[in-house]
Every structure is written in C-alpha cells, then in structure tokens.
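Some notes on the structure that comes next.
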Amino acid sequence: MKYWQLLASFVLAMVLFLFPLSAQAASSSSITRSVANDLKGKDYSGQSLVGTEFTNLKLENANFSNADLRGGVFNGTLLEGVNLRGADFSEGIAYLTRFKDADLSDAVLTDAMMLRSTFDSVDITGADFTNAILDGTQVKKLCVKASGVNSKTGVDTRKSLGCK
C-alpha cells in the first residue's frame with residue numbers, strides 16, 4: 001500500500017512540475033469599479049464615484065459637477081465639454097486624457113497624476129492643482145489663464161500650478 005502512495009505522490013509531483021498551474025494577475029477592472037460605454041451627456045453631478053475607472057470612453061458633455069472622484073481614473077478618455085466644476089479629483093489619475101472645452105473651475109485636483117493629458121480651452125478659475133503632476137507644456141498653457149482661489153481649500157490657482 002505504501003508503495004502505491006509513494007508512486008502516486010511522485011506522479012502528482014511530476015505532473016505539477018511539468019505542467020504548473022498558471023498564475024494570473026487580477027486586472028484593474030476587477031479591482032476597481034468600471035463604467036459602461038454610453039456616457040455622452042450623462043449626469044453624475046454630486047455623486048460619490050471614489051475609485052471609479054473611466055477607460056477609453058467619450059464623455060462629451062457629461063456632468064461631474066461637485067462629484068467625489070477621489071482616486072478615480074480617466075485613462076485614454078475624451079472629456080470634451082465636461083463639467084467638473086467643484087469636483088474633487090484629488091489623488092486621481094488622468095492619463096492620455098483630453099480635456100477640451102471642459103469646466104474645471106473650483107475643482108480640487110490635489111496630488112492628481114495627469115501625465116500625457118491635454119487641456120484645450122478649459123476653465124480653471126479657482127482650481128487647486130497642489131502637488132498635481134502635469135506635463136510642463138500643459139502647465140505653461142494653463143498658467144496663461146490661471147486665476148482665482150479654490151473655495152474649499154483656499155489655495156490660489158496660479159500658486160498651485162507653480163506659475164511665475
């Protein structure tokens with residue numbers, strides 16, 4: 001009997017050694033909440049969207065005013081005509097995101113990572129970019145029109161961008 005147990009153990013060990021189980025990493029969409037496709041003009045105003053991921057979407061004219069987007073992700077997303085007035089996007093990520101004709105006035109963007117994102121014809125009056133990371137060319141572009149003080153944090157927009 002012991003011989004058969006030893007043989008079975010050896011065969012099992014050899015099978016596992018020769019054909020190991022594949023390890024699979026969890027995708028980011030399985031870790032964080034992800035959002036459906038048809039979002040043009042959708043109203044998210046005032047909602048809690050903490051940690052929500054928006055990937056490769058066209059969010060034209062969506063309303064995120066006063067939404068809680070802390071730790072959220074916009075990845076490869078078109079935010080044309082989007083209203084982010086007063087939204088909290090602190091510690092968020094906007095990678096390869098296009099902000100065009102967007103309202104970022106009074107938004108809190110502290111500690112946000114916004115690399116390779118573009119800001120065309122945006123309103124940033126009173127936005128707080130403290131410790132946010134943006135491409136240098138975009139910071140220069142934003143400094144041209146930066147003004148105001150954020151109503152929640154009391155931080156001057158120009159100062160938060162490091163404008164000279």
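The values are calculated or read from the model by the stated rules, or taken from the named source; none is laboratory data. No experiment lies behind these values; they were computed from the predicted model shown. Quick reminder, even Gly has a Cβ in these numbers, built from the backbone with ideal geometry, and neighbours come from all protein chains shown. Note: areas computed on protein heavy atoms with side chains; ligands, DNA, RNA excluded. Shrake-Rupley method; radii C 1.70, N 1.55, O 1.52, S 1.80 Å.
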For the range 26-157, dividing by residue count, accessible area per residue (probe 1.4 Å) in Å² works out to 46
Quick calc, residue 47 & residue 100: beta-carbon distance into FRET formula, R0 25 Å, rounding 0.05, result 0.65
